[in-house]
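The values are calculated or read from the model by the stated rules, or taken from the named source; none is laboratory data. Nothing here was measured: the structure is a model prediction, and the numbers come from that model. All Cβ positions, glycine included, derive from the backbone under ideal geometry; neighbour counts span all protein chains shown. Heads up: the accessible areas ignore ligands, DNA and RNA and are worked out on the full protein's heavy atoms, side chains in. Shrake-Rupley method; radii C 1.70, N 1.55, O 1.52, S 1.80 Å.
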Amino acid sequence: MRFALVNPAWTFEGSTYFGCQESHYPLELLFASDQIEAAGHESLLIDAQLHGFNTQQVKTQLDHFRPDFLVIPTAPSYLFWRCPPPELRVPQQWFVELETGAVKVAIGPHPSATPGATLKKLKCDVALRGEPDQTLPQLASGNWREIDGCCWKDENGIHLSPTLGVTDMKQLGALSFENYNVEAHQHRHHVFEGSGRGAELEFARGCPWACSFCNKTLFRNKFRERRLDAVLSEVDTLIARGVDYIYWIDEIFGVGKAVRELLKELSRRKITIGLQTRIDLWDEESLDLLGDAHCISMECGIESVTNAGREDLNKNCRIDTQRISELLIYARKRVPWVQANLILTEKDERGQVREFQENLRKHGVWVSEPVPMFAFPGTPDYAQRFGPPDDQAWERAHEHYLSAFRDKGYSDIQSQQPAPIKDLECTY
């Protein structure tokens, strides 16, 4: 069987999407491609975002390849599955314009949370819930009822799976990147000066916490580490191809003892790194180790400047606000860019926020303005507000977000005139 894995050329006009709009490694497709090949099938990976391909250019490649399955994600890269564009406008367009007669397969946060709505909106044949790395090759067997998270429609209607695909991370071998144009990827995620060649990798997946705002419950949920030797092989392959910066897309980099061994190995290599983490996972000793590993960018989720606010968000933070500030300031002595991200909560008074910000900024730590929280379907926050996700979940969450923050203001990196989902999706 032949699988075409296509990362679209994403656009975000009118969207509430607040992730980075640059091209990132489509790791979900890279891992799936390796698993497909290992199962004895053929794969073609096309990153239209990286190369700026339009649908006609991709269609030409697909017509030559003649795929049995066409796979398109509903969010740009694993890195942004937790904060995807709520609308399905881009995958709608690409499924329509790439019609080849192949079985159309959607993967991503939308199939995971609302598979029925995804099948209807995208007019695709299959929606895979959860992580697709190991479930995609199983589609070739034809016995879809036995595939975790497999939802599909046929002449008998829509068949929804109550399960989720969960990848065995120890079985994910090292990516060779033989099917990816590493040299064309220049973006260094979350680095704001200088130049070089960046990449994104994954050491661990999932998170042991259950913060109310975090959209990871229906995919990338349980914390799992990969084999250190596989990850270091990827690092060395990328270094050999000219990469000088790696951003770790892990939900929460720094969990587990193995990460210390990874940092020691990275300290011996000619590579710089960036990551997202919780500051309460670190102390002065481990921050020294992070600095020795050539970390140049560290993004920390603080969310609330009060203990009560963090408790409301179910952060289970192990330290108080004063200690948070101390560690962020110490981290800035070892890491050139340290960022503290805040969420708009009812427990934080403006004066407290300003005091927290000013103290950190005078020590060189970048602190965000508190941003509004989107209740993504699948998050504990969505469940508490609205119950289990249904076919209108994305529209409901989107309208709640617009109505709640229209007067307070949205994130400064979002469109300030976001359109309703129905208007964004109506073209296709």
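Here are some notes:
- With all protein chains kept in place, the per residue accessible area of the range 31-98 amounts to 34 square angstrom at a probe of 1.4 angstrom.
- Sorting S297, S233 by solvent-accessible area of protein heavy atoms yields S233, S297, largest first, with a 1.4 Å probe.
- The 1.4 Å probe gives accessible areas that order E193, E349, E251, E225, largest first, as E193, E349, E225, E251.
- Cα-based Lys pair tally, the range 66-222, threshold under 26 Å, eight or more apart or on separate chains: 14
- Under Karplus coefficients 6.51, -1.76 and 1.60, residue-wise ³J(HN,Hα) of the range 355-360 in Hz, glycine/proline x: 4, 4, 5, 5, 4, 6
- The range 268-405 - Debye-derived log10 I(q)/I(0), Cα point model, q = 0.11 Å⁻¹: -0.48
- Diffusion coefficient of the range 135-187 by Stokes-Einstein, Kirkwood radius over Cα pairs, 10 °C, 1.306 mPa s: 112 µm²/s.
- Rg/Rh, computed from the Cα trace of the range 41-98 with Rh as the Kirkwood radius, has the value 0.97.
- Cα-based helix-to-principal-axis angle, 321-334 vs the chain, degrees rounded to 10: 80 degrees
- Net charge in the neighbourhood of H64 (other residues with Cβ under 14 Å of its Cβ; Lys, Arg +1, Asp, Glu -1) is +1.
- Cβ-based net charge around S212, under 14 Å, with every Lys or Arg adding one and every Asp or Glu removing one: +1
- Taking the C-alpha atoms of the range 1-131, convex hull volume expressed per residue in Å³: 96 Å³
- All Cα pairs of the range 111-150, percent lying beyond 13 Å: 49 percent
- Loop GluC sites (Glu not before Pro), the range 80-182, which have at most 15 other Cβ atoms in a 10 Å radius of their Cβ (DSSP): E99, E155, E178
- Cys residues of the chain counted as unpaired, since no other Cys beta-carbon is under 4.7 Å: C20, C83, C124, C150, C151, C207, C295, C300, C317, C426
- The Cα atoms of the range 1-54 define a convex hull whose projected area, averaged across directions, is 4.4 nm².
- From largest to smallest, the equivalent ellipsoid semi-axes obtained for the range 305-353 from the alpha-carbon gyration tensor read 21, 12, 10 Å.
- Zero-based 10 Å bins, Cα pair distances in the range 109-237, whole percents: 11, 30, 32, 22, 5, 0
- Scaled to the globular estimate 2.2 N^0.38 Å, the Cα spread of the range 178-292, given as radius of gyration, is 1.09.
- Against the chain, whose longest principal axis is taken from its Cα atoms, helix 258-267 shows a tilt of about 80°.
- Neighbourhood net charge (14 Å Cβ-Cβ; Lys/Arg +1, Asp/Glu -1) for I252: +2
- Residue-wise HN-Hα couplings along the range 286-294, as the Karplus relation 6.51 cos²θ - 1.76 cosθ + 1.60 with θ = phi - 60° gives them from phi, are 6, 5, 4, 5, 5, x, 5, 7, 6 Hz; Gly and Pro carry x.
- Scattering curve values for the range 91-158, log₁₀ I(q)/I(0), Debye with Cα scatterers, q = 0.13, 0.28 Å⁻¹: -0.32, -1.40
- With q set to 0.07, 0.13 Å⁻¹, the log10 of I(q)/I(0) for the chain, from the Debye formula over equal scatterers at the Cα positions, is -0.33, -1.20.
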